[in-house]
1. How far is B:Lys132 from the same spot in each other copy, in nm, shortest first, if each label point sits 7 Å from Cα toward Cβ?
2. Starting from the eigenvalues of the Cα gyration tensor, five times each then square-rooted, give me the equivalent ellipsoid semi-axes of the stretch B:1-154, largest first, whole Å.
3. What does the average come to when, for each residue of peptide A:196-202, you count the partner chain Cβ atoms lying within 10 Å of its Cβ?
4. Residues in the stretch A:71-101 near a label at A:Asn136, defined as backbone nitrogen under 19 Å from the 7 Å Cα→Cβ point?
5. On a 0 to 90° scale, report how tilted helix A:54-76 is relative to the longest principal axis of chain A, with both axes built from alpha carbons and the result rounded to the nearest 10.
6. Bin all alpha-carbon pair distances of the stretch A:96-165 at 5 Å intervals from 0 and give each bin's fraction as a whole percent.
7. Which value in deg cm²/dmol, rounded to the nearest 500, describes the helix-derived mean residue ellipticity at 222 nm for chain A, given -39,500 (n - 2.57) per DSSP H run of n ≥ 4 and division by the residue count?
8. Over all residues in A:148-159, what is the mean tally of Cβ atoms on other chains that come within 10 Å of each residue's Cβ?
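All of the numbers you see were taken from the coordinates with simple rules; none came from a lab. Worth saying up front: this structure is predicted, and the values here are computed from it rather than measured. Positions of Cβ are generated from backbone atoms using ideal geometry, with glycine treated the same way; all protein chains shown enter the neighbour counts.
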2 protein chains.
Amino acid sequence: MSAANDQQDIKREKILEASHQRFLHYGYSKTTMNEIAGDLSMSKALLYYYFPDKSELYMAVMRKLASDYLKHLQDKFGHFDDLRDAFLFQVNTHHDFIVNNYNFFDYFRLNEQNLPDTIWETVGHIRNAEIKLLANAIQSETEKGNIAPITNPIEVVEVFLDALHGIKVGGALPQKKLNFPHREDLEEIHNKRLLLIDIFVKGLR
Amino acid sequence: MSAANDQQDIKREKILEASHQRFLHYGYSKTTMNEIAGDLSMSKALLYYYFPDKSELYMAVMRKLASDYLKHLQDKFGHFDDLRDAFLFQVNTHHDFIVNNYNFFDYFRLNEQNLPDTIWETVGHIRNAEIKLLANAIQSETEKGNIAPITNPIEVVEVFLDALHGIKVGGALPQKKLNFPHREDLEEIHNKRLLLIDIFVKGLR
DNA sequence: GTCCTGACTTTTTTAACAAAAATATCAAAT
DNA sequence: ATTTGATATTTTTGTTAAAAAAGTCAGGAC
């Protein structure tokens, strides 16, 4: 039974990998269950034996990505020189994550409305984890006496994350005001975010 | 001829007012040229005598709103106690503007893609004016010695505006991640923006 | 000549429907 | 417990027709 479950888990992993590749290269709507099954030389029906439906399969891949992403963050958090370093690591990690998985998120871009509820659970989970990490960093810096005490660190972090979120294409080219930035704009966005960090840390004074 | 133009301008104003009311209450797609003409007891054809088409009529209303909005900003700018007051006035004015004209902007919400180019000219115009005002405020504060010199004030203001833009529904309720916030969230957004101003001005230290 | 309209044409939206493609299920085989 | 071919169901796509709205124009009134 234990071995059987091992086998099952291995197969689930294989399916997840194949799905990830398809979703990453072609996006959600342009990959079919037949294609994923074909990549694995298995029947489409078998996919439904391991995963209830297509969107749950997608969500499973997404949870795996999220898990890896958060693990990467958490590994490094806890020992930073200062608050700026913590913010910087967060922004850089996030940037790399988006760049590396850009096409995967076409599901967000295109479907926009009527997404499965589970997607927001995962998004919320990531966000909460990020908030916790950054709030801890602030707390830690406060205790070390490096920054002035803050009434509500969580609220500050929320504003920080929202502000980061807002920095997506603006400036001279507002016509590109899409919910999701174009790939070629990712670098400019990243640079603006670095500036935001400086302002947050130092303030305008 | 001059009198004739006066008459023409008055009638254009009347059309603009009636259109504004319709767009404000029912949004762009749910108001018809026939209805606007009906409100004014004139023929639809006459509307086309004064305005080339529906979207230009809409844009004319929008330019009027934008003009009033900027006038309100500019009147007060130039004599503020400090940078915080300037940012505060900007955010408050913007908030009132959105609250008072909420439904008017359904055109943005719904059409999203394929909007007329002129809309982005106006949006860009507003943004540039805001940038200029705020950058001047920074410049002025710098010269008074109230804040440390800033390499590129315009870039800072751009980040500020983008960050404000980003603060639209986030937090615990990410499922409402629409491009345009729901009406009931406007107050919460406004409060977060006030916090952002504090952080920008004081910094986390 | 400027302002205005009714009647008209053109374009866009909507609904209904069928065909195709994709998702999802299941009885039976291993 | 796993796997599949066959089949059922749902979603997408394309077509068409009718309705509604946008937009035009010849001509009337002042």
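1. Reported distances to equivalent positions: 5.0 nm.
2. Those come to 37, 17, 13 Å.
3. 5
4. Backbone N within reach: A:71-94.
5. With both axes taken from Cα atoms, the answer is about 40 degrees.
6. Spelled out bin by bin, the stretch A:96-165 gives 3, 14, 17, 21, 17, 11, 8, 6, 3, 0 percent.
7. Mean residue ellipticity, 222 nm, calculated: -23500 deg cm²/dmol.
8. 3
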